[in-house]
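Comments concern the structure below.
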Amino acid sequence: MSLHIEHLKSEIQKIASEKSIYKYDVYGSQKEENSASAKNKEPFSLTSSIRAFLILRVWNIKHQVGVTRTSNLTNEGLREAFDLAKSSSEFGSLENIYEFSNECQKEIQKIENKNEINKIATIQDLVKEVIAAEEKILNYSDKFKSVPYNKVSESISSRFYFNSDGAFKVENSQMSFCYFYPLAQEIEKKTRQSGQLEIAKNFSSLDVSGCAEKAIVKTKNHLDYAPIKNGKYTVIFSPEAFLDLINAFSNFMNAQNILDKKSLSHKESIGKQIANPEFCLLDSPLHPKNISSIYFDEEGTPTREVTIIENGILKSFIHSSYTAKVLESQLTGHAHIGSKVTVSPHYLHVKSNKKSSNTKNYLEENNLIYIESLSALHAGVNELQGSFSLPFDGFYINENKKISIEAATVAGDFLALLNDISYIHGEEVVTPNGVSPEIWVKELSITGL
Amino acid sequence: MRNILSMENISQINYSMQTAIFDNSWREPLSLLLGLGRAAGADFIEFFLQRGNYVSSLIENSKVTAITPSLSLGAGVRVFKGKEDCYVSTNDISFNGLKVILEKALNIHSLNLSHNRIISEINLEPLRDYAEIKQKSKWLSHCSSVSEMCEIILKLNSAQQNSTRSLQSATTNGFRDWQEVMVASSEGVFAKDIRLNQSISAQVFCEDGAHRTSSHSRLGDASNPDFFRKLNTQEIAEKLSETAGNMLHADFVSSGNYPVILANQFGGVIFHEACGHLLETTAVQRNSTPFADKKGKMIAHENLTAWDEGSWENGFGSIEMDDEGMPAQRTLLIENGVLRNFLCDRTGNLLTGHPRTGSGRRQNYTFAPASRMRNTYIAPGKFTQEEMFSSIDKGIYCKKLGGGSVGSTGDFNFGVEEAWLIENGKITKPVKGATLIGQAPEVMQRISMSGNDLEISAGFCGSVSGSIYVTVGQPHIKVDSITVGGR
């Protein structure tokens, strides 16, 4: 990649000194990415990019912080960024003083082999695979009309953090992903769509063909469908669906949202029972199966595993260095720097505290809804109210039959849902978003089209 | 001026274009690069250059909690070989940086810069400078300073706090997004523009025991440096608090099928999501719209006519030219229920044959352009609100819609921020938790009444070419039956 981080660091040091700025820090990243799609067995939407950005924070003599984000990394652009950050520091808070993280100088414990970077796949390599996979789907059956959303991509990137006190961290990573969402139709039935996303450490270990096969199976399962009667049902969330839901309501664990009074929790919520007593939730950025694991957050704080809910009891929030100081908690490594430092989870891990030997099979139960995937989370979640009303792809389970549901929404209250969990399956599934078993919830409202 | 070069000369050329402004100094390097691409065998090459200066101010409960300036600079090149295209982007807009991305794009098509070729520069049109025509060069300096912006946003935040009961938090956010863009293509296009989008949004979150609600409002404008100075902060705050007050203790709506009246302004998001996206040639190309073969056919109720305006004065989605350098146009989408036009960009034209409409848009240089909406609205009809409400015995009035989305199969959904029951032609009590779900082709046939009170609203639209500014709008409309998800 084109950006030399050591050089950038010394250039920034020089400009800071010329401009008499004695305290600053920088978080940034550069990324090279190639991607390709296919349309009717031809290459489509081929893209490549080499881009970088950084976020610069400067402290003025009153300890107010000013920030600028820039993708203009020329000397001229960096100077402009310093000037803007300095002038915006005049609006920085005098009460909520940000400081460097206490752990920004701390060494990071690296996972073995994680940072091995291979040469990035060429577009031609990607094209070959994506066309073969699209072809496999289209040739599977004439019910499969097209694959409007498909992509194979690989990227290599470097994240970096440094500050005027000498902290300096760089992390290189590589990731590859693919997805296929075919449209298929039975005669005299509606067009149906489902699909599959796969993620891998690099392109050579990405199973593109396997992803296409899973997309075929998932879509095929929805070709024959029936409407669902409105009412209250016991609902089983797939691991992917449950993780989507919990991420959408992550303000309940977010310390900055709590300080802003924009959370379903309060600072006194720690120690309270908020979920079924078997339910446990961790944030586990360094989980060995997490392809997109990161070692440090944007303040340079090392990331780590954090227990958020244990035995249904809220144990910890996720923090930036500022929220940890205000709420007198340990650092957790979840910060995103900016004029206001924000917080978000990395890789959630849902599990039961029981090792159940008799795992339930939902196919043996009656009158259940199985939610395979949720959609439109940006529109159907009211994270401040705690309510949701979301369209989903799923099945009605009854008398040993699994029937695709034509179209429906599931509605409820997130906090009530945590308490209404009736069963946590014993088998944990690794997904791109986290790890979770299937979660059974009683009495959720289902509305069919 | 050189017109013919050999490849050997290229490495000796050292162009020094103005990096602080996109002007005529870019003509020579861009025409040479375009010529290089053509000589290598590409059918069409297009450079897009962009510089951005953005600042946002966040005020929470009377305190300035974030001032976030952001500077951006970058370029992208799109290269077509036959109907196949590729897009490569970079932060490095030096001559060499642009040459690197051109070479990379050519390589994707298995083309390369051969050393013994003769290069003919592309004859670019005289710079079509929309910034100069409309005197936009002073826009940035005429905008509210960060300090003035903060003062106005603080005033709104304070009004939100004073007028809202059971308030937990009041958040107000404003931004100014200034962009300078330049497009040069091997067909001779050479054009630049300056764009200015400003917006303010306010949100209140209220809690009373177990009852919680939030309400949100946004105003936006393109091309008016005085936008913040002209805001009526008191009026914005009062409307917001009224919605929050109405909804805080509301019961959850019972799910079912109802006749629905959708209010004007942001109610237009239903047309944007449920129909507008399906009329973009991006969807036709992907075979992901049920309307692909319906041009000239009835796709909606005969009472429905809809437009997409490219350049409305102050419309949040207005542009003078699109991101392919084509002047924006006024596009008739549906006329009395009949599909008249798709929104089309260059790729769409090439792959579907529909005429281009000046709709090639993107968030910034990191995205290739795609056919996207601008200011989209349902035209006013003849009905009064009274006539529409009196036609319903039991239904739902969606006074304020939230966001929504539509999938490839035409299934859509929308959250409703403020909803009321209609009983015997009258609005009776507020209900919360409503979601509208349905199938676009079916719902378009059920819009049986359009009111005479068209109003528009600013919004954001996320799709294949990133997040862009748009306007949605409509008069009050009646949908005969729609599924309402609730508890």
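Miscellaneous remarks
- Residue within the range B:84-104 that is closer than 27 Å to residue B:366 by Cα, more than 10 Å from chain A (Cβ to nearest Cβ) and out of contact with any helix residue (DSSP H, G or I) (no Cβ under 8 Å at 6 or more places or on another chain) present: yes
- Looking across the range A:424-439 at every residue that is in a strand (DSSP E or B) and buried (at least 21 other Cβ atoms within 10 Å of the Cβ), the one that is nearest to the chain's Cα centre (by Cα) is identified as A:434.
- The condition (being of a type in the set (Val, Ile, Thr), in contact with a helix residue (DSSP H, G or I) (Cβ under 8 Å, 6 or more places away or on another chain) and either within 13 Å of another protein chain (Cβ to nearest Cβ) or assigned to a loop (DSSP other than H, G, I, E, B) (or both)) is satisfied by just one residue among A:258, A:291: A:258.
- Residue within the range B:47-67 that is open to solvent by 30 Å² or more (accessible area, probe 1.4 Å) and under 16 Å from residue B:324 (Cβ atoms) present: no
- Hits in the range B:125-150 (condition: within 14 Å of another protein chain (Cβ to nearest Cβ) and in a helix (DSSP H, G or I)): B:140, B:146, B:147, B:148, B:149, B:150
- Selection of the range A:366-404 for residues being assigned to a helix (DSSP H, G or I) and open to solvent by 40 Å² or more (accessible area, probe 1.4 Å) yields A:377, A:378.
- Members of the range A:404-449 that are over 30 Å from residue A:186 (Cβ atoms) and either among the acidic types (Asp, Glu) or in the same structural domain as residue A:185 (by TED's automatic domain parsing) (or both): A:413, A:420, A:427, A:428, A:443
- Scoring residue B:73 on the criteria (1) more than 11 Å from every other protein chain (Cβ to nearest Cβ); (2) surrounded by 20 or more Cβ atoms within 10 Å (Cβ to Cβ) leaves a single failure, condition (1).
- Residues located in the range A:54-79, provided they are facing chain B (nearest Cβ under 8 Å) and touching a residue at least 12 places away in the same chain (Cβ under 8 Å): A:66, A:67, A:68, A:69, A:70, A:71, A:73
- Whenever a residue of the range A:276-294 is closer than 10 Å to residue A:310 by Cα, its partners that are open to solvent by 10 Å² or more (accessible area, probe 1.4 Å) and of a type in the set (Lys, Arg), lying with C-beta atoms within less than 6 angstrom and at least six residues away or across chains, give the pairs A:278/A:354; A:280/A:351.
- Single residue of the range B:191-243 satisfying the filter (aliphatic (A, V, I, L, M) and assigned to a strand (DSSP E or B)) that is farthest from residue A:262 (Cα to Cα): B:191
- Residue match in the range B:300-318 (condition: among the hydroxyl-bearing types (Ser, Thr, Tyr), open to solvent by less than 10 Å² (accessible area, probe 1.4 Å), modelled with pLDDT under 95 and in the same structural domain as residue B:452 (by TED's automatic domain parsing)): no
- Counting only strands (runs of 3 or more DSSP E) that fall entirely inside the range B:1-119 and contain at least 3 residues that are modelled with pLDDT under 90, the qualifying elements are B:4-6.
- Subset tally (residues that are modelled with pLDDT under 95, within 14 Å of chain B (Cβ to nearest Cβ) and touching a Ser or Thr at 6+ places or on another chain (Cβ under 9 Å)) for the range A:406-443: 8
- In the range B:273-291, the residue that is most open to solvent (accessible area, probe 1.4 Å) out of those that are more than 11 Å from every other protein chain (Cβ to nearest Cβ) and either at pLDDT below 90 or out of contact with any Cys (no Cβ under 7 Å at 6 or more places or on another chain) (or both) is B:277.
- Of all residues in the range A:221-264 being touching a Phe, Trp or Tyr at 6+ places or on another chain (Cβ under 9 Å) and without any contact (Cβ under 8 Å) to a residue 60 or more places away in the chain, the one that is farthest from residue B:439 (Cα to Cα): A:261
- Single residue of the range A:154-173 satisfying the filter (buried (at least 21 other Cβ atoms within 10 Å of the Cβ) and in contact with a helix residue (DSSP H, G or I) (Cβ under 7 Å, 6 or more places away or on another chain)) that is farthest from the other protein chains (Cβ to nearest Cβ): A:162
- Within the range B:156-208, considering residues that are closer than 16 Å to residue B:235 by Cα and free of Cβ contacts under 8 Å to residues at least 40 places away in the same chain, the one surrounded by the most Cβ atoms within 10 Å (Cβ to Cβ): B:203
- No other residue among B:462, B:404 is free of Cβ contacts under 8 Å to residues at least 60 places away in the same chain, in a strand (DSSP E or B) and of a type outside the set (A, V, I, L, M) apart from B:462.
- Unmet criterion (only one of (1) within 12 Å of chain A (Cβ to nearest Cβ); (2) surrounded by 17 or more Cβ atoms within 10 Å (Cβ to Cβ)) for residue B:442: (2)
- Residue in the range B:416-438 that is of a type in the set (Asp, Glu), surrounded by 18 or more Cβ atoms within 10 Å (Cβ to Cβ) and within 14 Å of residue B:267 (Cα to Cα) present: yes
- Selected residue (only one of A:176, A:209, A:205 is open to solvent by 10 Å² or more (accessible area, probe 1.4 Å), free of Cβ contacts under 8 Å to residues at least 60 places away in the same chain and out of contact with any Lys or Arg (no Cβ under 6 Å at 6 or more places or on another chain)): A:205
- Hits in the range A:347-360 (condition: modelled with pLDDT under 85 and open to solvent by 50 Å² or more (accessible area, probe 1.4 Å)): A:355, A:357, A:358, A:359, A:360
- Qualifying residues in the range B:336-395 (those that are part of a loop (DSSP other than H, G, I, E, B) and hydrophobic (A, V, I, L, M, F, W, C)) - the one most open to solvent (accessible area, probe 1.4 Å): B:367
The values are calculated or read from the model by the stated rules, or taken from the named source; none is laboratory data. Because the structure is predicted, anything quoted here is derived from the model rather than measured. Counting neighbours? That spans all protein chains shown, and the Cβs are built from the backbone with ideal geometry, glycine included. Ligands, DNA and RNA are stripped out before the accessible areas are found, and what is left, the full protein with its side chains, is counted by its heavy atoms. Shrake-Rupley method; radii C 1.70, N 1.55, O 1.52, S 1.80 Å.
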